[in-house]
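Derivation of every value follows stated rules applied to the coordinates shown; laboratory data play no part. Note that this is a predicted model, so its numbers are computed, not measured. Don't worry about glycine lacking a Cβ; one is built from the backbone with ideal geometry, like all the others, and counts go over all protein chains shown.
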Amino acid sequence: MSGSISRINIFLSFVLVIFSFAVCTGQSKLVGITASQPATPVAAESAGVQGSYADLVSRVSPAVVTIRSTERARAAQQFPFMDDPTFREFFGDRWPQQQTPRQVQGVGSGVIVNADGYILTNHHVVDGAIEIKVELNDNRTFTAKVVGSDPPSDLAVLKIDAANLPVVSIGDSDKVRVGDFVLALGNPLGVGQTVTSGIVSAKGRASGLSDGSFEDFLQTDAAINRGNSGGALVNTNGELIGINSQILSPSGGNIGIGFAIPSNMAKAVMDQLLKTGKVRRGMLGVTIQPVNADLASSLDLPAARGAIVTSVAAGGPAEKAGLKRGDVITAINKQPVSDDNSLRNLVASKAPGSNVEVTALRNGRDQNFQVALAELPDRPERDSEETSSNKGGTGNDRYGLTVQPLTPQMAARYNLDADDQGLLVTQIDMAGSAANAGIRQGDLIQEVNREPVKNVTEFTAALQKSGSKPALVLVKRRSVVLYLTLKANS
């Protein structure tokens, strides 16, 4: 019996040895695979033990502050005659009292970028504030003053009376890659400083949530909510690569689509605000639009890239340099232009008076123009949308629109110039191709395939020449000129 037990023990020991060897071998292989996997977050490994960002956060978080702004909001006057003494005499003490103006509290975030108390935040965080308080990570509170604010970029610089403050170093946002790990720091919804993590989801975004002046956002899925505005987006080296600014959400809460102003743009704006209190930007003196696939086809372009010039300001820098309507701008100082937004940002980043080389496609050939930039004036308010109806004109069933020659009366009605030439769109079939192309009632069609059209006969003939290709149509809409592509109804 004892002999049998001994043999069993020997056998079990042998099995255990083999099992242990197999496990060790398997672990060795697993470690080897993990170490060579390209998908392993390299940034997470460098952040600390077990991929923790704790050391990085402890270094950066003291430089991220909470900003509390107080804004005065006037209550609505429900009784417009309340200040009339006759009415007061009639009603006596029963007269309802006017509500006193109340104060509205706002919460946002900011980033200390200078040890002497300079803080970078969003313009909308402090816009209209009568008092601004900055709360530091160590619970100290300071009253801040606005050094400068720039609505087009949604950036502002504040100053508090403090010294030897912790700062976040500013990184190079041009080097950021889609897929890089990032952390977002701020005070969402006023709950206190919060850190979230994610990746850079996209670059060069124009969200369409602001006035669209100068948008070049980094998009991230790191959780951003109200109150995060003005806070820091940092890389895994602890460098500031963006100022959190906006979220895209149907509910107002985070759904993983947040936008941050790139640090390079923020630094350029901040430097100007610190020096002069305002931002000056270069201007070409053109109106532009992006080149889509249909436009590229109509213009016989090799690819849908660049920005097409829809009008040139008389006497402006572009006209003096020789640029014309229909030119497709593809580069500024050899730097590629992908669309109208990138062109706008490139030109605006140059100082007024500086010379730039503009590369444009004209008749299928690249041409270079030397342009001395003017200064971009303050943006006027956008024209409001307007609709009206007119039953006159000659219809075109193939394209789903009705046009007529422009008269002085119709020019005044649709805010066009009296000396404008072209055909006015008086009716649109909402199921037709003209509506799908973006043509609206009240638009003035001035050219078809770069040929001026002044009457219906010229318009119809120009469309027929397009054959199966979409026609390139130049449209004036109030003061805006743009190219659209028009296809026949299928």
Review point. With a sphere of radius 14 Å drawn around the Cβ of Leu295, what net charge do the other residues whose Cβ falls strictly inside it have (Lys, Arg +1; Asp, Glu -1)?
Key: -1
Point to revise | Cα centroid separation - segment 305-356 against segment 418-486, whole Å | key: 25 Å
Practice item. Residues in segment 333-360, backbone N under 17 Å from the label point at Asn368 (7 Å along the Cα-to-beta-carbon vector): list them, ranges by number please. Key: 333-337, 355-360
Review point. What are the semi-axes of the equivalent ellipsoid for segment 189-263, taken as the square roots of 5 times the Cα gyration tensor eigenvalues, largest first, in whole Å?
Key: 17, 16, 11
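Taking the Cβ of Gln105 as the centre, find all other residues whose Cβ is under 9 Å away and add up their charges (Lys, Arg: +1; Asp, Glu: -1). Let's see the in-between values first.
Values: positive: Arg68; negative: Glu71.
Overall, the nearby charge balance is 0.
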Check your understanding: Using a cut-off of 23 Å between alpha-carbon atoms, which lysines can reach Lys278, once sequence neighbours fewer than 8 places away in the same chain are excluded?
Key -> Lys133, Lys145, Lys159, Lys267, Lys350
Check your understanding: Where nothing but the Cβ of Lys and Arg (+1) and of Asp and Glu (-1) is charged, how large is the charge dipole of segment 173-276 around its Cα centre, in debye to the nearest 20?
Key -> 60 debye
Check your understanding: What list of ³J(HN,Hα) values in whole Hz, one per residue of segment 187-194 in order, does the Karplus curve 6.51 cos²θ - 1.76 cosθ + 1.60 (θ = phi - 60°) give from phi, with Gly and Pro shown as x?
Key -> 10, x, 6, x, 7, x, 4, 9
Practice item. Calculate the dipole size of segment 394-486 relative to its Cα centre from +1 charges on Lys and Arg beta carbons and -1 charges on Asp and Glu beta carbons; express the result in debye to the nearest 20. Key: 180 debye
